[in-house]
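All of the numbers you see were taken from the coordinates with simple rules; none came from a lab. Small disclaimer: the values here were computed from a predicted structure and weren't measured. Glycine also receives a Cβ, built like all others from the backbone with ideal geometry; neighbour counts cover every protein chain displayed.
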Amino acid sequence: MSQQVHPDFPRRLRALRVARNMTQRELARGSLSVSYISLLEAGRRSPKPEVLRELAQTLGCSVAELAGEADAVATRPAALTLSYGRLAIEAGDPTEAERQFSSVLATAAPDPLTRTEAQLGLARALAEQGRLAEAAQQYESLLRDNPDRPAFVASLGMVISWIRCLYELGELQRVIEVGMGTLDRVDRLGAWESEDAVRLLATVAAAHSELGDLRQAERLLREGLQRADRIGSPRARAAVLWNASQVACEQGSYREALELAEEALAFFRQDRDRRSAARLLTAYGCILLSHTPPRVGEARTTFERALRELTEVGGGIDRGYVLTELSRTLLLDGDVAGAVRTARRSLAELGGQAHLERARAQTALAAALAAAGDITESREMFAGAAATLSGLRASRQASRAWAELGDVLADTGDPVGAVEAFRKATAAVHLGLQPSRRAG
């Protein structure tokens, strides 16, 4: 008769095995088959009591912990708990990952390296849940507490994660300040020859683009491309091309934008980085939608494919970006009800803290509501989104929102309101009516 085990048993078994650096063959030890261990880890078999005891003995844990009869997080070795947390992130369960990493930090005195790993894991888990402000605070605390670490270059990954949280929060000026300050220090140390340094530069360029400073964005991207080619890094080159394609699209160079995006996409597909490839597919779809005339059918297919991928490997904010643009595509395709439904779904996926993309999703919803005849809610949504974007200094997107509101007001017999909305669109700087894009 099989032992009654917790539904979490397959993950516990794999986590314990990985933490012990054991293969499935080593865990089987001849008395069990490798295929049986594989079935246990896949949740397709439940162990008999004697098998459970044997596995626990081989793994050096209690039967209760392995079976899930007792939560042994408090007494579990920190390295094992970190492994549980990392596995939870990979499995798309950031809430469980947060619990695991927090339990390490709650112990009396974890060693500095273990504490740092737990803090990094916690920051990532928070970001995956859409709790961007808390995640940003974690990253900032880590970097502030370790300003002179010898492996400074290794901390560039933390800076990138931090400023991406700031980017989603809409703190674009701070992205530039933190990013450029870090790049200056990297250059002073002669440590710029790394993929992370080039990726950081590309993210700063994306923030300049959002703020309407395309000239500075272009300058940084040219520099990034030179650095990527000098160190011979295809990944760094792809990150630069990703953002360069978006700048080219803003400037109306759609053919160039598509070519740049296609080269970057080819790398991420070859590298089997499904999440980056799917996010870049979203940017690619935006270029198709921006084309004159819009290539609506191709864009819709691209967004739907990106959404399928990000349902498996992405987070809510990733899916929110796709859904915002899919809503615009459905509206252009004449599916007004679908556009409204998809924009509302985008807002639900984004959560409450992705301020920049929430404002964009609100403009998509406002446009769909106007087409559906709900003018009152549409006007309120447009005005609120435009005010948010203006406050974030995302000038090109603010211009777009005010201009779209002006069109709605003009079409519904409010010429005075329309003139005022168009005035605000012009004041917001450089009237650029391109769909939203995301930093690579």
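Could you work out the pair-distance distribution P(r) of the chain from its alpha-carbon pairs, with 10 angstrom bin width and percents rounded to whole numbers?
Values per bin, smallest distances first: 4, 19, 26, 22, 16, 9, 3, 1, 0.
Would you mind calculating the gained length between residue 412 and residue 256 on full extension (0.36 nm times residue separation, minus the Cα-Cα distance), in nm to one decimal? Numbers along the way, then the final one.
Working: separation 156, 0.36 × 156 = 56.16 nm, distance 3.83 nm.
Going from the current span to full extension adds 52.3 nm.
Mind putting a number on the dipole of the range 9-72 about its Cα centre? Charges go on the C-beta only, +1 for Lys and Arg and -1 for Asp and Glu, and I need it in Debye to the nearest 20.
Numbers: 11 positive and 7 negative charges, 52 e Å.
The calculated dipole for the range 9-72 is roughly 260 debye.
What is the distance in Å between the Cα centres of the range 225-243 and the range 368-418?
Here the two parts' Cα centres lie 38 Å apart.
Tell me whether the range 9-72 comes out rounded, prolate or oblate; compute the Cα gyration tensor, take square roots of the eigenvalues as a ≥ b ≥ c, and use a/c under 1.5 as the rounded threshold.
Verdict is rounded for the range 9-72.
Measuring from label point to label point, each 7 Å out along Cα→Cβ, what is the residue 39 to residue 372 span in nm?
5.0
Compute from the Cα atoms of the range 130-243 the Rg and the Dmax, the latter being the longest Cα-Cα distance, and quote both in angstrom.
Over the range 130-243's Cα set, Rg and Dmax evaluate to 13.5, 37 Å.
Starting from the Cα of residue 143, step 7 Å along the direction of its Cβ; do the same at residue 174; then give the gap between the two resulting points in nm.
Distance between label points: 1.1 nm.
Using only the Cα atoms of the range 239-339, build the gyration tensor, take square roots of its eigenvalues as a ≥ b ≥ c, and label the shape rounded, prolate or oblate: rounded if a/c is under 1.5, else prolate if a/b is larger than b/c, else oblate.
Details: a/c = 2.12, a/b = 1.11, b/c = 1.92.
Oblate is the answer for the range 239-339, as a/c is 1.5 or above yet b/c matches or exceeds a/b.
Quick check for me: using +1 on Lys/Arg Cβ and -1 on Asp/Glu Cβ, what's the dipole size of the range 130-243 about its Cα centre, in debye to the nearest 20?
260
Label point 7 Å out from residue 420 along Cα-to-Cβ: which residues of the range 362-395 have amide N under 14 Å?
379-380, 383-384, 387
Which of 412, 426, 203 ends up with the largest GNM mean-square fluctuation for the chain, with Cα atoms connected below 10 Å?
Comparing 412, 426, 203 in the GNM, the peak value goes to 412.
Put a dot 7 Å past each Cα toward the Cβ at residue 46 and residue 64; how far apart are the dots in nm?
Each label point is offset 7 Å from its Cα along the Cβ direction, giving 2.1 nm.
Relative to the present Cα-Cα distance, how much length would full extension add between residue 216 and residue 333 at 0.36 nm per residue of separation? Working shown, then result.
Numbers: separation 117, 0.36 × 117 = 42.12 nm, distance 3.56 nm.
Length gained between residue 216 and residue 333: 38.6 nm.
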